[in-house]
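The values are calculated or read from the model by the stated rules, or taken from the named source; none is laboratory data. None of these values were measured; they are calculated from a predicted model. Please note: Cβ atoms are built from the backbone with ideal geometry, for glycine as well, and neighbour counts cover all protein chains shown.
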Amino acid sequence: MAEENNAPVFQIQRMYLKDLSLEQPNSPQILLDQTQPQVDINLALAAEPIAEGLFEVSVTATVTTKLAEKTLFLIEAKQAGIFEIRNLSQDQVEGILGIVCPQMIYPYLRAVVSDVCTRAGFPPVLLTEVNFQAMFEARQQAQLAQQNGQAAATVN
């Protein structure tokens, strides 16, 4: 029975839309322009412990669409989930929080952004697939390089 209490646990507790914002600062005049807009998409990830063994992981997409220098629309959407993670090593937990959880959340975020665009009267913006493992590894390498740089600076 004691072995069962130490078994690794990974479960989704809840998925939810945490924040959503749509701005159309230059409407309705800009809607008459038929020029092809420039679309800029930025993603951000966050993971926070909220209780023993429980973590909130969120993926935020900021979509800015401009015609020349005027903003056509700006969407910021944050999709989040609460995950239970227990009895795993710190490295395993970091990998799950940085790769697995965002992969589970991202399809919901993609649907929200597309839906908001359509409801706002624009063609849907389809967020491309994201390689969260590559993002996680790049972030780890950057942190390691920064730590090595700081260590070298302290030695000199």
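Numbers below:
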| quantity | calculated |
| --- | --- |
| Number of the exception - Gly53 against (1) closer than 30 Å to Pro8 by Cβ; (2) surrounded by fewer than 13 Cβ atoms within 10 Å (Cβ to Cβ); (3) not hydrophobic (A, V, I, L, M, F, W, C) | (2) |
| Qualifying residue in the stretch 17-37 (condition: at positive phi and in a loop (DSSP other than H, G, I, E, B)) | no |
| The listed residue being over 23 Å from Ile75 (Cβ atoms), touching a residue at least 40 places away in the same chain (Cβ under 8 Å) and polar (S, T, N, Q), out of Asn26, Asn6 | Asn6 |
| Where a residue in the stretch 81-93 is under 11 Å from Pro49 (Cβ atoms) and in contact (Cβ under 8 Å) with a residue 60 or more places away in the chain and its partner, wherever it lies, is part of a helix (DSSP H, G or I) and β-branched (Val, Ile, Thr), with Cβ under 7 Å and at least six apart | Ile85/Val93; Ile85/Ile96 |
| Whichever residue in the stretch 96-126 is farther than 23 Å from Asp40 by Cβ and either modelled with pLDDT under 95 or in contact with a Gly (Cβ under 9 Å, 6 or more places away or on another chain) (or both) and, among such residues, is surrounded by the fewest Cβ atoms within 10 Å (Cβ to Cβ) | Met104 |
| Boolean, Val112 is farther than 20 Å from Glu48 by Cα, β-branched (Val, Ile, Thr) and assigned to a loop (DSSP other than H, G, I, E, B) | no |
| The stretch 18-46, residues that are surrounded by fewer than 17 Cβ atoms within 10 Å (Cβ to Cβ) and of a type in the set (A, V, I, L, M, F, W, C) | Leu20, Leu22, Leu31, Leu32, Val39, Ile41, Leu43, Ala44, Ala46 |
| Among (1) surrounded by fewer than 10 Cβ atoms within 10 Å (Cβ to Cβ); (2) modelled with pLDDT of 90 or more; (3) not in a loop (DSSP other than H, G, I, E, B), the one test that Ala153 misses | (2) |
| From Leu127, Leu88, residue being over 30 Å from Asn26 (Cα atoms), assigned to a loop (DSSP other than H, G, I, E, B) and not acidic (Asp, Glu) | Leu88 |
| Restricting the stretch 20-61 to residues that are more than 30 Å from Val100 (Cα to Cα) and among the hydroxyl-bearing types (Ser, Thr, Tyr), the residue that is farthest from the chain's Cα centre (by Cα) | Thr35 |
